[in-house]
Amino acid sequence: MIDPLFEEALRILTFQSGFNSAVVVAGTAALGLAGGTVGTFLLLRRRALVSDALSHATLPGIAVAFLVGAALGLPERSLPLLLAGAVASGVVGLLTVQALSRFTRLTEDSAIGAVLSVFFGLGVVLLSVIQNLELGGQAGLKTFILGQTAAMAQGEAIAIGLLAAGAALAVALLFKELRVLAFDPGFAAVQGWPVGALDLVLMGLATLVTVIGLQTVGLILVVALLIIPPAAARFWTDRLPALTLIAAVIGALSGWLGATLSALLPKLPAGAVIVLVAGGFFLLSFLFAPARGLVAAALRQGRLRLTFAERRALTDLLDGRPVQGAAALWLRLRGYVRDDVRKGGALTPAGQAAARAAARDRRLWERFLADYPALLPAHANWGVDPIDSVLPGDMVRLLEERSAPS
Amino acid sequence: MQYLWRTPGSRTAPEEASPIGTPPLEIRGLTVAYHRRPVLWNVDYAAPSGGLIAVVGPNGAGKSTLIKACLGLVPSVSGTVEVFGRPIAKQRRLIGYVPQRESVDWDFPVSALDVVAMGRYGKIGWFRPVTRAHKEAALHALERVGMADFARRQIGQLSGGQQQRVFLARALAQEAQLYFMDEPFAGVDAATERAVLQVLRDLDAAGRTVICVHHDLQTVSDYFDHALLLNTRVVAQGPVARVMTPDLLSRTYGGRPMPAPAALGALGAEAS
Amino acid sequence: MMPDVQEFLQIDAPALLAAVLACAACALVGNFLVLRRQGMMGDAVSHAILPGIVGGFLVAGTRETLPMMLGALAAAALAGLLIEVVRRLGRLESGAAMGVVFTVMFAAGVVMIEQASAAGVDLDADCVLYGQLETILWLAPKGWASLANPAVWAALPREVLTLAAVFALCVALVGLFYKELKITTFDPALASTLGIPAGLFHYGVVLLVAATAIAAFEAVGSILVIAMLIAPPAAARLLTDRLAAQILLSVALGVLAALVGYGAAAFGPMLLGVSHSLNAAGMIAVASGLILALAVLFGPRHGLLGRRRAVGRLRAAPGFVAPEAQKP
Ligand SMILES: Nc1ncnc2c1ncn2[C@@H]1O[C@H](COP(=O)(O)OP(=O)(O)O)[C@@H](O)[C@H]1O
Ligand SMILES: [Mg+2]
């Protein structure tokens, strides 16, 4: 017997629950995918929060477009017009941020904060004007702030999906150029890449994702689509193609799962749920990703300290110096010293072997460091890992000879 | 009330607690690793009391890291650092620090005098304002580096060399016993170089110990009494006459030409 | 067409007082955000408090302010901590770390509101976003003469009293720790070597910003509070090179923005012969934006036009070779 809710979930997830909800879920997944790919380069360019200014700055444009529409007597809430307004004022906000941080002594964070809140304030004032004018269809304007997938019509969902796919495709086509831009804009400029134009393309793609995300996720949270997936992906890899791919997958999964959950359960606003799902992916990556995750890093650091402490204690014992406290306890746990000897401890045969190995490693590494400082292996953890596992055998033998006590 | 918040129990003035004869700085078995790759390896060093000490080594040798580890600004994997016989946290008042130049916001709304007065904050302590006496001490320090005329200038409106002199004046105003300076001579003009040198000599004459990262091998012997040759590990240490030898220097900067097995080339070894 | 005195004292005066106090307190603490390059921390904190507000509301079951404020403060502290954890341990740029933390917390708050409203609890995201400056009323005064009566002052609305207390707290803390704030902001490494806990001051600033934002957001909403935190200090930053002057100036500019913004919203339409009023909090944000724009354009030394004039004067001087005005 399968839970009916579960069955329903399965149907939506596999796009079998009616054409409309399938389209909405697919469109949202495409949106997440585009956010992840474009956001990767924003993150690397350290522009993550610029898109926050951009999304908040769309509000006055939406309000003005609404007023224009009303003045022209257009049918209520013409979406293309509203989104055109959003793009226009979003771009003005973006340019203001860039101008403030380029031409004044204000830093980018202040510029972003000032622009996003002042533009938003202007939008709020304009909304109060619209409210006073008592125009029809103004209730729909509110959905731009917190988002609403339920409001999405089929055609809109398809358009969103196509635009998002286009944005992701553009990133794929310009991958090489964007990589140079994100890594070293100065170098790119010297090499003759049109850095300014590439930056414009990148910000244009961010604008596109933001504006098509407005309806679903809302202007307050849409920035999350651009930030969270790449930030989560960052914990899994140091390579850009993999990073972009993982961010795209996390973004798409967040959109897909989020839209499904919100369609399935009552009172779960899609935008917020998508962000929460993405946040869940982030948390998992932050904690458990093997490359840069917290647990892995803590284990590495702890092991490193422990290794050094253990080696020090072992060599101390070998040289006849007493070892006490936690170090002694640890050696006893490892079976390196005999339990019956209370203080100082005497090495067991295993302890003898480990101590000798530690002393040898240290002696040889020191020799290597003294004789070949320029040849330190760049990627290996020299000095930490056993020397035999890092350096070739004939090198180790050479060091053995040279460091032999004369 | 001093900023000794970490050790509320310690009531004695640190000066009294440091018996004559303990080295100003004693490092034992210090290893520091970024991620898992060591950048300082098993460093042992005891600085002689009084005098100017140069820390010399190639780029990336870990000189800045050594200073930061001594100051407790980066964590170590193993080893201890003591200042006048006690852990650094209890001896903050005895220590002055001149960081590498690029580390602050030059646009910050402070004047040169404000920056120098910051050196006195350790003496002033919580809640008390910067009094006239402290401002005068700060101005005096500025005078000693020849920057008194620029006291009211915003810090970003000074040239690189002038900024460096302001930071030195701040160290002077600190009236510390042991100074750490990270490349104070880097990228300065001749006038500033003379001013920096004069400050070092004044400090020396006053019996202070100065540990100074220095990149210019030509001037080490002229400017300093002792040297610490560092390349991840301590290559040599002692009076400049004894350690600034071609042999020891070439060992510090790249190593003696030792026959290396060919296989090492395939290891991805880095050349410096 | 002037509103009559009683109406002004009962409706406009408390709103104005609240706006002025909110702007002054925000501008005061905002200086340290701007100088620490943490401008977005105001954004992050003011979004991240949403789940705390809703949580406090749900736990206490009433619209009492205290539980909501405590919840908000707890959420802000959590946000500050999480951002540091993600930034340091996750080695992410601070903008990205903030972006992750505050969007997730805000989203959690939105979901909590929706769930609560499903359970028949009335709380709506609008008042959190836009504030309710217009609903702050002071029913006690009946005319100018009644202001002489202390009982009338004792009946000041709670929001105004809260804001006054927070402003006093900000003044006291900034005054007491002025030199520590200065040194930990300018050179945290030096501060630590002197034994001043730079990390603690970082959290202190975040918490103070949070407390201010929480007190202010009731009046002006969580997004517009960012304008008040950032725009006046940013404008002051362009007008002076001295920290103390910058702080005083930013407070003055904040107060100016409050007066101009509220005036334009409440009385502007009336002057145009329209009876409705505009959203006052939004108008205050716009006013602070205009003040910033004026500072950007006409600031004496760092303003764009002012700088050009200065360069022009220098260029006109005989024998001058221009180093291009550069931004560090
Ligand atoms: N924060 C850091 N993270 C990772 N590696 C670092 C960091 N700081 C320094 N390093 C590395 O540590 C080594 C020593 O750096 P540093 O102490 O600055 O050298 P020096 O001052 O002698 O030129 C260099 O190889 C550098 O790349
Ligand atoms: Mg260095």
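If I filter the stretch A:68-76 for residues that are assigned by TED's automatic domain parsing to the domain that holds A:GLY204 and surrounded by 24 or more Cβ atoms within 10 Å (Cβ to Cβ), do I get at least one hit?
No, there is no match, as no residue in the stretch A:68-76 is assigned by TED's automatic domain parsing to the domain that holds A:GLY204 and surrounded by 24 or more Cβ atoms within 10 Å (Cβ to Cβ).
Residues in the stretch B:30-39 that are within 16 Å of ligand 2 (Cβ to nearest atom) and farther than 16 Å from B:THR252 by Cα: how many? Write out each step before concluding.
Of the residues in the stretch B:30-39, the ones within 16 Å of ligand 2 (Cβ to nearest atom) are B:32, B:34, B:39.
Now restrict to residues that are farther than 16 Å from B:THR252 by Cα: B:32, B:34.
The qualifying residues number 2.
Within the stretch C:242-259, does at least one residue satisfy the condition of being over 19 Å from A:PHE103 (Cα atoms), among the polar types (S, T, N, Q) and without any contact (Cβ under 8 Å) to a residue 12 or more places away in the chain?
no
Regarding A:VAL97, is this residue in contact (Cβ under 8 Å) with a residue 24 or more places away in the chain and within 14 Å of another protein chain (Cβ to nearest Cβ)?
Working: in contact (Cβ under 8 Å) with a residue 24 or more places away in the chain: yes; within 14 Å of another protein chain (Cβ to nearest Cβ): yes.
Spelling it out, A:VAL97 is indeed in contact (Cβ under 8 Å) with a residue 24 or more places away in the chain and within 14 Å of another protein chain (Cβ to nearest Cβ).
Mind listing whichever residues of the stretch A:93-124 are hydrophobic (A, V, I, L, M, F, W, C), buried (at least 17 other Cβ atoms within 10 Å of the Cβ) and closer than 21 Å to A:ALA206 by Cα?
A:LEU94, A:VAL97, A:LEU100, A:ALA111, A:ILE112, A:ALA114, A:VAL115, A:LEU116, A:VAL118, A:PHE119, A:PHE120
Quick one: would you say B:PHE185 is within 14 Å of the chain's Cα centre (by Cα), free of Cβ contacts under 8 Å to residues at least 40 places away in the same chain and within 16 Å of ligand 2 (Cβ to nearest atom)? Walk me through it before giving the result.
On the way: within 14 Å of the chain's Cα centre (by Cα): yes; free of Cβ contacts under 8 Å to residues at least 40 places away in the same chain: yes; within 16 Å of ligand 2 (Cβ to nearest atom): yes.
Yes, satisfied.
Tally up the residues in the stretch B:18-38 that are near ligand 1 (Cβ under 9 Å from one of its atoms) and surrounded by fewer than 21 Cβ atoms within 10 Å (Cβ to Cβ), please.
Looking only at that region, the number is 3.
For the stretch A:204-253, what are the residues that are of a type in the set (D, E, K, R) and buried (at least 24 other Cβ atoms within 10 Å of the Cβ)?
At the first step, the residues of the stretch A:204-253 found to be of a type in the set (D, E, K, R) are A:234, A:238-239.
The one that is of a type in the set (D, E, K, R) and buried (at least 24 other Cβ atoms within 10 Å of the Cβ): A:ARG234.
Among the residues in the stretch A:291-299, are any more than 10 Å from every other protein chain (Cβ to nearest Cβ), aliphatic (A, V, I, L, M), under 30 Å from A:PHE235 (Cα atoms) and not in a helix (DSSP H, G or I)?
Within the stretch A:291-299, the first condition is being more than 10 Å from every other protein chain (Cβ to nearest Cβ), and the residues that meet it are A:291, A:295-296, A:299.
This time we only want the ones that are aliphatic (A, V, I, L, M), so: A:291, A:295-296, A:299.
Retained after the next criterion (residues that are under 30 Å from A:PHE235 (Cα atoms)): A:291, A:295-296, A:299.
Next, only the ones that are not in a helix (DSSP H, G or I) stay: A:291.
Taking every residue of the stretch A:291-299 in turn, at least one turns out to be more than 10 Å from every other protein chain (Cβ to nearest Cβ), aliphatic (A, V, I, L, M), under 30 Å from A:PHE235 (Cα atoms) and not in a helix (DSSP H, G or I).
Of the conditions (1) under 23 Å from A:VAL50 (Cβ atoms); (2) away from chain C (no Cβ under 14 Å), A:ILE158 fails just one. Which one is it?
With respect to (1) under 23 Å from A:VAL50 (Cβ atoms); (2) away from chain C (no Cβ under 14 Å), A:ILE158 is out only on (1).
Given C:GLY71, C:GLY52, C:GLY120, C:GLY99, which one is surrounded by fewer than 24 Cβ atoms within 10 Å (Cβ to Cβ), among the small types (Gly, Ala, Ser) and modelled with pLDDT of 90 or more?
C:GLY71
Pairs only if they're at least six apart or on different chains, beta carbon under 7 angstrom, first in the stretch B:59-72 and under 11 Å from B:VAL32 (Cβ atoms), second more than 9 Å from ligand 2 (Cβ to nearest atom) and of a type in the set (S, T, N, Q); list them, first residue then second.
Listed pairs, sorted by first residue: B:GLY62/B:THR232; B:ALA69/B:SER76.
List, please: which pairs have Cβ atoms under 6 Å, are six or more places apart or on different chains, and start with a residue in the stretch A:266-278 that is at the interface with chain C (Cβ under 7 Å from one of its Cβ atoms) and end with one that is among the polar types (S, T, N, Q) and surrounded by fewer than 24 Cβ atoms within 10 Å (Cβ to Cβ)?
A:LYS267/C:GLN115
When you scan the stretch A:277-289, do you find a residue that is part of a helix (DSSP H, G or I) and modelled with pLDDT under 90, even just one?
No, that holds for no residue.
Can you tell me which residue is modelled with the highest pLDDT among those in the stretch A:133-156 that are on the phi > 0 side of the Ramachandran plot and over 35 Å from the mean Cα position of the chain (by Cα)?
A:GLU134
Suppose we filter the stretch B:100-137 for residues that are touching a His at 6+ places or on another chain (Cβ under 7 Å) and either modelled with pLDDT of 85 or more or among the basic types (Lys, Arg) (or both); how many remain?
Going through the stretch B:100-137 one residue at a time, the tally reaches 2.
Taking the criterion of being within 24 Å of B:ALA61 (Cβ to Cβ) and either at pLDDT 85 or above or assigned to a loop (DSSP other than H, G, I, E, B) (or both), would at least one residue in the stretch A:353-362 satisfy it?
Yes: the stretch A:353-362 contains one or more residues that are within 24 Å of B:ALA61 (Cβ to Cβ) and either at pLDDT 85 or above or assigned to a loop (DSSP other than H, G, I, E, B) (or both).
Given the criteria at pLDDT 90 or above and either over 17 Å from A:LEU33 (Cβ atoms) or facing chain C (nearest Cβ under 8 Å) (or both), does A:ARG234 qualify? So that I can check it myself, show each step before the final result.
Values: at pLDDT 90 or above: yes; either over 17 Å from A:LEU33 (Cβ atoms) or facing chain C (nearest Cβ under 8 Å) (or both): yes.
The answer is yes for A:ARG234.
Looking for whichever is in a helix (DSSP H, G or I), within 18 Å of the chain's Cα centre (by Cα) and not polar (S, T, N, Q) here; the options are A:VAL209, A:VAL201, A:VAL180. Which one fits?
Residue meeting the stated conditions: A:VAL209.
Residue check: is A:SER403 over 45 Å from the mean Cα position of the chain (by Cα), more than 8 Å from every other protein chain (Cβ to nearest Cβ) and closer than 22 Å to B:PRO38 by Cα?
When the stated conditions are applied, A:SER403 passes them.
For the stretch B:45-54, indicate whether the set of residues that are within 11 Å of another protein chain (Cβ to nearest Cβ) and more than 9 Å from ligand 1 (Cβ to nearest atom) is non-empty. Lay out the reasoning, then the answer.
If we filter the stretch B:45-54 for residues that are within 11 Å of another protein chain (Cβ to nearest Cβ), which is where we start, we get none.
No, the stretch B:45-54 contains no residue that is within 11 Å of another protein chain (Cβ to nearest Cβ) and more than 9 Å from ligand 1 (Cβ to nearest atom).
Under the condition of being more than 12 Å from chain C (Cβ to nearest Cβ) and within 16 Å of ligand 1 (Cβ to nearest atom), which residue from the stretch B:162-189 is surrounded by the fewest Cβ atoms within 10 Å (Cβ to Cβ)?
Within the stretch B:162-189, the match that is surrounded by the fewest Cβ atoms within 10 Å (Cβ to Cβ) is B:GLY187.
Identify all residues within the stretch B:59-100 that are within 28 Å of B:VAL130 (Cα to Cα), within 16 Å of ligand 1 (Cβ to nearest atom) and either away from chain C (no Cβ under 12 Å) or among the hydrophobic types (A, V, I, L, M, F, W, C) (or both); write none if there are none.
Correct list: B:LEU71, B:LEU73, B:VAL98.
The values are calculated or read from the model by the stated rules, or taken from the named source; none is laboratory data. Since we're looking at a predicted model, the values are computed, not measured. Note: ideal-geometry Cβ built from the backbone for every residue, glycine included; neighbour counts use all protein chains shown.
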